[in-house]
């Protein structure tokens, strides 16, 4: 896509969604599993097949999150994260997406530094663990300090410490300004609840500092299963239907792309 002012990152949790997102005009993918749980680390099999199916030079960042819930990890969980980072690197992925906090809601600087060093030379995005910190301005400065002069942590994904980007617009803009004042090249990437309906307002509010979006663009797809046992569920109380799949819709991604292209020509 030529003359596109903003880049679109699409979060995906299946090979099919990868294909659809690229078809719709995505600029980068965030590869996860279990987006219903906020996005977890994809299994090795998925990572391997995605590398085989999509062009090797297309940027894909792998989510490194071993479980749902908070971002205070045990020693065993950190060992798992390190092995997953190694796997992503060995398979030729361009980046990883991760985040770690201490029990007080601060960036766990020593752990983050270890993970970032292990990820070298891949790019690193600090994910929405950022939205759970106790002091977002301090957290931003801590991430910048860990990133160092090489700026390996190139992005921070955030909804402005609110449920959606629309609700967190004020905080996101404040953080974008702070990052610039710190002389950092880190990109604050809005993500969470961005739709075709609110995209225009978000671009207007953040335009001077905005360069990328993070979206999902998914639609529910009915399962092709003929036989259905509706008495049994594979998950707990918080669950989606066993017979509904959620897949990225290339048409929705294309709609986002067209809106962005239109915005680029009218600025």
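No value in this document is a laboratory result; all are computed from the given coordinates. This is a predicted model, so every value here is computed, not measured. Every residue, glycine as well, gets a Cβ built from its backbone with ideal geometry; the counts of neighbours run over all protein chains shown.
Just a few scattered comments:
- Paramagnetic reach from residue 209 in segment 135-179 [backbone N under 14 Å; point 7 Å along Cα→Cβ]: 136-141, 156-161, 168-179
- Ordering of 151-162, 106-117, 55-66 by packing is 151-162, 55-66, 106-117, highest average first (other Cβ atoms within 10 Å, averaged per residue).
- Peptide packing: for 23-29, 67-73, 143-149, 37-43, the average count of neighbouring Cβ atoms within 10 Å per residue gives the ranking 23-29, 37-43, 143-149, 67-73, highest mean first.
- With the cut-off at under 20 Å, measuring from each backbone N in segment 24-64 to a point 7 Å along the Cα-to-Cβ line of residue 86 picks out 41-49, 62-64.
- Ratio of the Cα radius of gyration of segment 29-130 to 2.2 N^0.38 Å, where N counts its residues: 1.02
- Using C-alpha pairs under 8 Å with a sequence gap of at least 6, the mean separation divided by the residue count of the chain gives a relative contact order of 20 percent.
- Using the average count of surrounding beta-carbon atoms within 10 Å as a protection proxy, the listed peptides 208-214, 123-129 rank, highest first, as 123-129, 208-214.
- Shape call, segment 111-193: gyration tensor on alpha carbons, a/c limit 1.5: prolate
- Between 225, 188, 122, the Gaussian network model of the chain with springs among Cα atoms under 10 angstrom shows the greatest mean-square fluctuation at 225.
- Mean residue ellipticity at 222 nm, helices only, the chain: -11500 deg cm²/dmol; runs of at least 4 DSSP H residues each add -39,500 (n - 2.57), and the sum is divided by the number of residues.
- Relative contact order (percent, whole number), segment 1-120, Cα cutoff 8 Å, 6+ residue spacing: 21 percent
- Listed values [x] 74, 71, 35; [y] 49, 39, 35; [z] 59, 51, 36, entry calculated as Cα extents along the principal axes in Å: [z]
- Residues within the reach of a label modelled at residue 241 (point 7 angstrom out along Cα to beta-carbon, backbone nitrogen below 18 Å), restricted to segment 216-233, are 218-233.
- Projecting label points 7 angstrom from Cα along Cα→Cβ for residue 16 and residue 75 puts them 4.3 nm apart.
- Calculated P(r) of segment 127-267 - Cα pairs past 19 Å, %: 60 percent
- All-pairs Cα distance distribution in segment 29-83, expressed in whole percent, bin size 10 Å: 22, 50, 24, 4
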